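Taking it in order: structure first as structure tokens, then the write-up.
Every read-out reported here was derived from the displayed coordinates using simple, explicitly stated rules and does not represent laboratory data. Bear in mind the structure is a predicted one, so any value in this text is a computation, not a measurement. Reconstructed Cβ throughout: ideal geometry from the backbone, glycine too, with neighbour counts over all protein chains shown.
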Amino acid sequence: MPNLPDVEPGHVEHAADTLRGGGLVAFPTETVYGLGADAENVAAVERVFAVKGRPPTHPLIVHLSGAHQLSDWAVEVPDAAHRVAERFWPGPLTVVLRAGPRVPRAVTGGLDTVALRVPDHPVSLALLAAFGGGVAAPSANRFGAVSPTTADHVRDGLGAEVDYVLDGGSCAVGVESTIVDLTGEPAILRPGGVTRDDLEHALGHSVPVRVESAVRVPGQHPSHYAPRARVVLVEPGHVLGHAEFLHAHGCRVGVLVPPGFAGGSGGCAGQRVIAVPESGARYARRLYEFLRDFDRHGCEVVVASVPAPDGLGLAIADRLRRAAGSRSRAGHGSELFNSP
Ligand code: TXA
Ligand code: MG
């Protein structure tokens, strides 16, 4: 259950009016904050791309108030979509379906498919119900930067360019939704808040992760979800040693210490050490906050390791790899940098 937000009803109405007037509203979801526009207002959608600095070929997710709206936005709604909507909505799952005529091309970047999701946060659900239509929303950060998990992160990143910010506290899941393509054989395009296991269980068969072939999903871009600091990924047993090596060479280092490799949190001068929570859910909830913390403390390099790809570990591993981007080319064990 997300944090109970302290938002008065009038604020939600004002936000819905802002959307109706073609304005941009940042709003909380259970995953990260979104930068919302009326999905059917092309000028408003174009402004979302401009404010984010995002190329128009990266399509937006349309947020709905319930699964009953699926057929308003998609032309074919396969059984699999009904099944996962029933099981996971509201929740951190986005389905990609064939787009209906109502979806402007500005939203899909010219694709004939559309990404749809019903977020699980009382404030976003209230906003979507009050607005009535679809809300096109990417994460409320500049393109390539770390996603916001509090209203302050949104204000810090986008400031006056957003017409209204709904504050619903900090996001409970902390990483973005899982994106599943249901236009053919189901495939995961982005691991996220719904685990692969849970998705496979709901669909009754295995679901491949097809991150690399998904043309429009972030990751083609060399560094995504990235802090200012360079992120270097090493084997878990080498994190502390590698950090020490960089520190000894005069780098300000941020360290994400994997569970079981104690060292405590805090750090000495020039080093900022955060012990990663053992639970994947808790780690996911705080991952972006940790990356922001390193930036705030002026770290030049962040040393981390990729968690095992089970549960939320798959999404965390994905975000860390994207944060490292082409800069470390860390993917699998064999490609990892080794500690000196
Ligand atoms: O948790 C989330 O999904 C958050 C919250 C705000 O809902 N939203 C989010 O949006 O992460 P964004 O725009 O940062 O990432 C959504 C990704 C885009 O990078 C895009 O590549 C992919 O969804 N996407 C959107 N439409 C698609 C489509 N038709 N086919 C394939 N991928 C699509
Ligand atoms: Mg994003």
- Task: Springs between alpha-carbon atoms under 10 Å, Gaussian network over the chain: tell me which of 275, 308, 15 tops the mean-square fluctuations.
- Result: 308
- Message: Taking the 0 to 90 degree range and rounding to the nearest ten, how far is the long axis of helix 9-20 tilted relative to the main principal axis of the chain, both from C-alpha atoms?
- Response: 80
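As a test of the formula, what do you get for the chain when each DSSP H run with n ≥ 4 contributes -39,500 (n - 2.57) and the sum is divided by the residue count, at 222 nm and rounded to the nearest 500 deg cm²/dmol? Can you show the working numbers first?
Details: 11 runs with 110 residues, N = 340.
One gets -9500 deg cm²/dmol as the mean residue ellipticity at 222 nm.
So in the chain, what percent of DSSP beta bridges are antiparallel if you round to the nearest 5? Write down the numbers at each step before the final one.
Numbers: 18 of 42 bridges.
Approximately 45 percent, going by the DSSP bridge assignments.
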- Query: Once the chain is represented by equal point scatterers at the alpha-carbon sites, with solvent omitted, what log10 I(q)/I(0) does the Debye formula produce at q = 0.14, 0.15 Å⁻¹?
  - Reply: -1.09, -1.23
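Let me know the Kirkwood hydrodynamic radius for the stretch 69-218, please, with Cα pairs as the basis and the value in Å to one decimal. Mind dumping the intermediate values first?
Values: mean 1/r = 0.0611 Å⁻¹.
Kirkwood radius, the stretch 69-218: 16.4 Å.
Would you work out if the stretch 1-83 is rounded, prolate or oblate? Take a ≥ b ≥ c from the square roots of the eigenvalues of the alpha-carbon gyration tensor; rounded if a/c is under 1.5, else prolate when a/b is larger than b/c, oblate otherwise.
Working: a/c = 1.64, a/b = 1.12, b/c = 1.47.
Oblate is the answer for the stretch 1-83, as a/c is 1.5 or above yet b/c matches or exceeds a/b.
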- Consider a paramagnetic label point 7 Å from the Cα of residue 201 along Cα→Cβ; state which residues of the stretch 71-89 have an amide N under 13 Å from it. 87-88
- Check residue 225: other-chain or 5+ apart residues with amide H under 5 Å from its amide H, H built from backbone geometry? 144, 145
- Sort out the exposed loop GluC sites (Glu not before Pro) in the chain (DSSP loop, at most 13 other Cβ within 10 Å) and tell me the longest stretch that has none. 77-211
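Give, rounded to the nearest 20 debye, the magnitude of the charge dipole that the chain has about its Cα centre when Lys and Arg contribute +1 at Cβ and Asp and Glu contribute -1 at Cβ. The partial results should precede the final answer.
Numbers: 30 positive and 36 negative charges, 196 e Å.
Using Cβ point charges on Lys, Arg, Asp and Glu, the chain gives about 940 debye.
Quick one: dipole size for the stretch 9-203, taken about the Cα centre, charges +1 on Lys/Arg Cβ and -1 on Asp/Glu Cβ, in debye to the nearest 20.
Charge dipole of the stretch 9-203: 360 debye, to the nearest 20.
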- Message: Only Cα pairs within less than 10 Å get springs; with that Gaussian network setup on the chain, which residue of 85, 202, 137 has the largest fluctuation?
- Response: 202
- Non-local residues with an amide H under 5 Å from the amide H of residue 113, with H modelled 1.01 Å from N and Pro and chain starts lacking one, are 99
- Which angle from 0 to 90°, rounded to the nearest 10, does the C-alpha axis of helix 280-296 make with the longest principal axis of the chain? 70
- So how tilted is helix 313-328 from the main axis of the chain? Cα-based, degrees 0 to 90, rounded to 10. 70
- If unit charges are put on Cβ atoms (+1 for Lys and Arg, -1 for Asp and Glu) and the dipole of the chain is taken about its Cα centre, the option from 144, 73, 166 lying farthest towards the positive end turns out to be 144
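Calculate the dipole size of the stretch 1-108 relative to its Cα centre from +1 charges on Lys and Arg beta carbons and -1 charges on Asp and Glu beta carbons; express the result in debye to the nearest 20.
Values: 9 positive and 12 negative charges, 97 e Å.
The calculation lands at about 460 debye.
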- Item | Between the stretch 146-188 and the stretch 13-60, the alpha-carbon center distance in angstrom | 11
